[in-house]
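Undergrad: Could you have a look at this structure, given as structure tokens, before my questions?
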Amino acid sequence: MNQSKAPVLEALAAYHAGGQTPFTPPGHKQGRGTDPRVRAVLGDAVFRSDVLATSGLDDRTSSHAVLEAAQALMAEAVGADRAFFSTCGSSLSVKSAMLSVAGPHEKLLVGRDAHKSVVSGLILSGIRPVWVDPQWDAERHLAHPPSAEAFEAAFAEHPDARGALVTTPTPYGTCSDLAAIAEVCHERGRPLVVDEAWGAHLPFHPDLPTWAMDAGADVCVTSVHKMGSGLEQSSVFHLQGDLIKPEVLKSREDLLGTTSPSVLMYAALDGWRRQMVEQGRVLYDDALALAEQVRTRISRIDGMQVHGREDFCGPGKAADIDLLQIVIDVSAWEVTGYRAADWLRENHRINLHIGDHRRISAQFTHADDDSTAETLLTALTDLAAHAGELRTGQPVHVPPSSRLRLEQAVLPRDAFFGATEQVPWEKADGRIASEMLTPYPPGIPAALPGERLTKDVLRYLRSGVEAGMVVPDAVDTNVESVRVLRED
């Protein structure tokens, strides 16, 4: 195929050139009805290109197959059999993938470090999760993706599981041995779904971790807005092999997706694919070199430990790491990542990717350059000079991994929709959660519906909130009380 083509962008240009007059949504009619105060902030181009996909970009019957052509080009570019665009983010894409593998009350092996969107999929579908434990770094209090051996053991105990789902890279950049996990699944004729939301860029440079399709995954979900040039909510999910039928995957997406997709998002996805095919190797040559320079310079700042392959990869840890995720441990200062991230935003107008109980992280992409790198380095140097002012004396009580894992006592769906009550956190020990309790970012639930709460996890969340942790999906975001199943 001609990868220099961009069917959505070209159709949008033709729409503008043709002088079409819409008597359809959107009601702003290409910005003519938009408040000038709104246009002054968002710009005229946003509204001018906000048109319908059918009876707009394409005709009533989609006879020009504009979207289909763009998706076919994407699939070829990354080595997949099929690609599907989503304008509802990977939160929808991963649900579509899950529903194409398992149905209500069927089992699915899922890494317990899954994003909250996966848990939402379990709630909506009624799928029975078989949790596969991540690999826990006790020294650094950090979870890496589950090993192939862990999935092998889970299949041995649950041979009726319909497939497996693994999240890789994690928000910290650590990666599974996907080829080995795919082999475990395919030996049993079961599909592997990869939530690769942080890995849309991986197909476009050989020094990045292995792309899920190259590793043999059956479905791979990517968030192009995270590491690529897509607009927020832009996602693509890819399919290969014959274990999941394309019509099944498409029908699940139709079930969950919007009937009013954004042409703006489609156009950005289309253009990003063309950019990566034509320029991706050079862009990521530069990005990886810049990230390495920044890592070296940060490591010279007193009290900052920049994590790399030697810390995160090896036996019992991750198989690989995306070095564009620059993860910095600031615990030597006795300062939380929450406080450090807030200070950097307030004093240097820098927004970091992650701030947790002991780390901060900065995400580099092909868009960064010497200017943004210097801005970060200047801010981090200043942060080190003010570290003593950021100590709170409020430690986050992170229990050992064995006490972080909770018993799945009830299906997530049954717990979420069951009769509930709100109880003080001190009285929630032993009760079954009916809500997600998710430190965000990175968005991995510490407790989820159907899990039996423990004193250790509750204390971790409460101490975390007191130290600056954000738990946005809880009914009580301060976690002074917790929503649990009502007991008769």
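All of the numbers you see were taken from the coordinates with simple rules; none came from a lab. As the structure is a prediction and not an experimental result, all values here were calculated from the model. Note that each Cβ is placed from the backbone with ideal geometry, even for glycine, and that neighbours are counted across all protein chains shown.
Undergrad: Filter the DSSP H helices in the chain by two things, a Kyte-Doolittle mean of at least -1.0 and an axial alpha-carbon span of 15 angstrom or more, and list the hits by number. Spell out each step's value before the answer.
TA: Values: long enough: 7-18 (16 Å, 0.75); 66-78 (19 Å, 1.26); 89-101 (19 Å, 0.88); 246-256 (16 Å, -0.52); 263-299 (43 Å, -0.09); 337-348 (16 Å, -1.49); 370-385 (23 Å, 0.52); 455-467 (18 Å, -0.35).
Within the chain the helices that satisfy the rule are 7-18, 66-78, 89-101, 246-256, 263-299, 370-385, 455-467.
Undergrad: Now for a different question. Taking the simple approach of a point 7 Å from Cα along Cα-to-Cβ for both Val475 and His28, what is their distance in nm?
TA: 3.7
Undergrad: Please name which of Pro445, Ala291, Val110 has its Cα lying farthest along the dipole of the chain towards the positive end, using unit charges on Cβ (Lys, Arg +1; Asp, Glu -1) and the Cα centre as origin.
TA: Checking the options against the dipole of the chain, the answer is Pro445.
Undergrad: Right, next: For Tyr460, Tyr15, what ranking results if the residue with the fewest other Cβ atoms within 10 Å of its Cβ goes first?
TA: Going from sparsest to densest Cβ surroundings: Tyr15, Tyr460.
Undergrad: May I pose another question? Among DSSP bridges having both ends in the chain, what percentage is antiparallel? Round to the nearest 5.
TA: 65
Undergrad: Here's a follow-up. What whole number of Å gives the distance from the Cα centroid of the stretch 125-154 to the Cα centroid of the stretch 179-194?
TA: So the separation of the two Cα centres works out to 15 Å.
Undergrad: Using a 10 Å cut-off on Cβ atoms, rank the peptides 404-414, 304-314, 198-208 from the highest mean neighbour count down.
TA: With the highest mean Cβ count within 10 Å placed first, the list reads 198-208, 404-414, 304-314.
Undergrad: Here's another thing I want to ask about it. Enumerate the residues in the stretch 407-445 having an amide nitrogen under 12 Å from the point lying 7 Å beyond the Cα of His397 toward its Cβ.
TA: Counting backbone N atoms under 12 Å from the label point, the list is 426.
Undergrad: To the nearest 20 debye, what is the magnitude of the charge dipole of the chain about its Cα centre, counting +1 on the Cβ of each Lys and Arg and -1 on the Cβ of each Asp and Glu?
TA: Using only the charged Cβ atoms, the result is roughly 980 debye.
Undergrad: Turning to a different aspect of this structure: Please get the size of the charge dipole for the stretch 1-78, origin at its Cα centre, with Cβ charges of +1 on Lys and Arg and -1 on Asp and Glu, quoted in debye to the nearest 20.
TA: Roughly 340 debye, rounded to the nearest 20.
Undergrad: Which order, highest average first, do 336-348, 252-264 follow once you tally other Cβ atoms within 10 Å for each residue and take the mean per peptide?
TA: 336-348, 252-264
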